[in-house]
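The values are calculated or read from the model by the stated rules, or taken from the named source; none is laboratory data. All values reported here derive from a predicted model rather than from experimental measurement. Heads up, the Cβs are rebuilt from the backbone with ideal geometry, glycines too, and the neighbour counts pull from every protein chain shown.
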Amino acid sequence: MESKAALGRASKFVGASKISIDEYYDIKEVSTTDKDGLVTRDDVYTLKPSQEKKIRDTSATKAEADAKIKHFNRMIPIVKLGRNRGQIHHSTMADHLGMDDVGRQKNKNRALRFLDGTSALSAVMFNAAERFNRQTTVVASYDLTLDKLDAMHEAKGDKKFYSAAQAKFIDVPSSSEARMDLAAKEALYFAQETNGGSVLETAAGYSQQGIGRVALMYKSYGLQMYYTMIKSAKLAAVNMFAKDAEGKELRNMALKQAMGVHLSALFFAGVQGLPLYGMVSMIWNMFLDNEEDAARTITRKYLGEGWYKGAVTALTGTDVASRVGLSSLLLQENRFNKDPSLEESLGFYLGGPALSTGTRLKRAYDDFNSSEYGSFERGMENLMPAGITNLYRSTVGRYAREGGIRSRRKDPIYDDMTVGDFAAQAFGFPPAEYTYRQEISARNKGVEKAVTAKRSMLTKKFYVAARMGDHETMTEVMQDISDHNYRHPTAGITPQQALRSLEGHMDTSAKMHNGVTVNPIMQYAIMKSNMEYNKGY
């Protein structure tokens, strides 16, 4: 209840400031000189007179106004420290794109400024939500920590406080100012452990520059979350059998933290959003054939969509699971290429979001050069930033005009969208039913492709063995064909089909020249072209 109340107060405090909590205060730089002549500068924060007047005008009594003003003054240490460490006006997207870099700001190129403005506009909801959540977390954590420190100071007996920032128990400060400073540092450390790794300055060294900045873009959050969870697990393991009070407190603290992370992930993103699910499913898939259900399909069939994608998705009908899950934060499978080559895998993992943007522009180019109906609009959608595309589709674009989502052939994929579906899609959250149908269709096409490839491989292997006179291999292939027919009776290989395939392979070999086949209608033209070569030997 205390945490809920603190979050409520913090959200009001941040929301009323228009997600810039330093706007409540006047900031003045003050210089001081010590006896040795050393000059130090510091910022002094005071509540703005206009803000104080507003508080008194909107309060019912003088006591209520005094209490509110006291609360605002109480927040000065966290506002000051948060502003100094870039936790107020900071934006992860602008940070990674370098939009706030000093060198880039000096560049007066209009095209660059236009692209920066477009990127910021398309991600305005993401940036606003990020800043609001970060400041709310920092303020609520500061409020709770300061309340705990004050209570421990007033209590009798041992006054040891576990400092997460210092990773040890320390004495509770006796002065109110020292407790405020300690609470502010603990709050920012907590914010760093939960979400601060997405900020470039506090991210891993390899992700700050060079190819690492591209490949690890948005991966810093995953690194930070895994670090936090591993740290909690280690702390719990080390103190699992502790007998002293401090050890028991650390163990309980670590277990509660691990439980909170996993239960919150289960509620918001379901089983597929649990931290270790991605790794477990990846290992599981290594032991499954391509024509079988993948690990995620087996899991969702067994548990159902509610448990698989979480309560929020089940209750709202909007798929938020893929955005808030804690699985596959670092390594993800390529959903659009189930059997990538080495080059494709390297590009997928090293290219990061930059490669995705490049392929998106490539799709736009292909659409602009296509004669297919509606391809120009799709090209514009791929050319615009994703945030603007989502808004366009749901308000005046093809989703709104057609009343749902259709394929390029205008076949319905998910029609009869509700107002809530359009609103969620406008903010980048697709309807849960739409993503379900897409995922099931992708699974079905993957199985179809795997079974077809298996049929082709078996007949080709049988032909090669027959041509080489390898009767042992021919017998093994026939057993494989029998097993294939048992597993897939409707896609089985009959003796007649095997014979026709064998004849087809023989006919292809007869028409081969230099190891390749040529379409009969092109044979004469190619023969004439080949006669023009002068080999010189």
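What are the residues in the stretch 231-260 that are more than 19 Å from Phe161 (Cα to Cα) and surrounded by fewer than 11 Cβ atoms within 10 Å (Cβ to Cβ), if any? The one that is more than 19 Å from Phe161 (Cα to Cα) and surrounded by fewer than 11 Cβ atoms within 10 Å (Cβ to Cβ): Phe241. For Tyr524, the criteria (1) exposed (fewer than 14 other Cβ atoms within 10 Å of the Cβ); (2) among the aromatic types (Phe, Trp, Tyr); (3) modelled with pLDDT of 85 or more hold in every case but one, which is (3). Inside the stretch 426-439, residues that are under 25 Å from Thr297 (Cβ atoms) and not in a loop (DSSP other than H, G, I, E, B) make up a count of 9.
Here are Gly420, Gly387, Gly397, Gly428: which of them is over 19 Å from Asp319 (Cβ atoms), touching a residue at least 12 places away in the same chain (Cβ under 8 Å) and not aliphatic (A, V, I, L, M)? Only one candidate passes the filter, namely Gly397. Of everything listed in (1) part of a helix (DSSP H, G or I); (2) on the phi < 0 side of the Ramachandran plot, the single unmet condition for Tyr373 is (1).
Among the numbered conditions (1) farther than 30 Å from Leu331 by Cα; (2) assigned to a helix (DSSP H, G or I), the only one that Leu346 does not meet is (1). Just one of the numbered conditions (1) in a helix (DSSP H, G or I); (2) at positive phi is not true of Arg56: (2). Is it the case that the stretch 396-405 has a residue that's part of a helix (DSSP H, G or I) and in contact with a Gly (Cβ under 9 Å, 6 or more places away or on another chain)? Scanning the stretch 396-405 turns up at least one residue that is part of a helix (DSSP H, G or I) and in contact with a Gly (Cβ under 9 Å, 6 or more places away or on another chain). Considering the stretch 304-337, and only residues there that are crowded, with 16+ Cβ neighbours inside 10 Å and charged (D, E, K, R), the residue that is modelled with the lowest pLDDT turns out to be Glu333. Of everything in the stretch 142-179, what is surrounded by fewer than 15 Cβ atoms within 10 Å (Cβ to Cβ), within 35 Å of the chain's Cα centre (by Cα) and part of a loop (DSSP other than H, G, I, E, B)? Give them in sequence order. Scanning the stretch 142-179 gives Gln166, Ala167.
Scanning the stretch 446-484 for residues that are among the polar types (S, T, N, Q) and surrounded by fewer than 16 Cβ atoms within 10 Å (Cβ to Cβ) turns up Thr452, Ser456, Thr473, Thr475, Gln479, Ser482.
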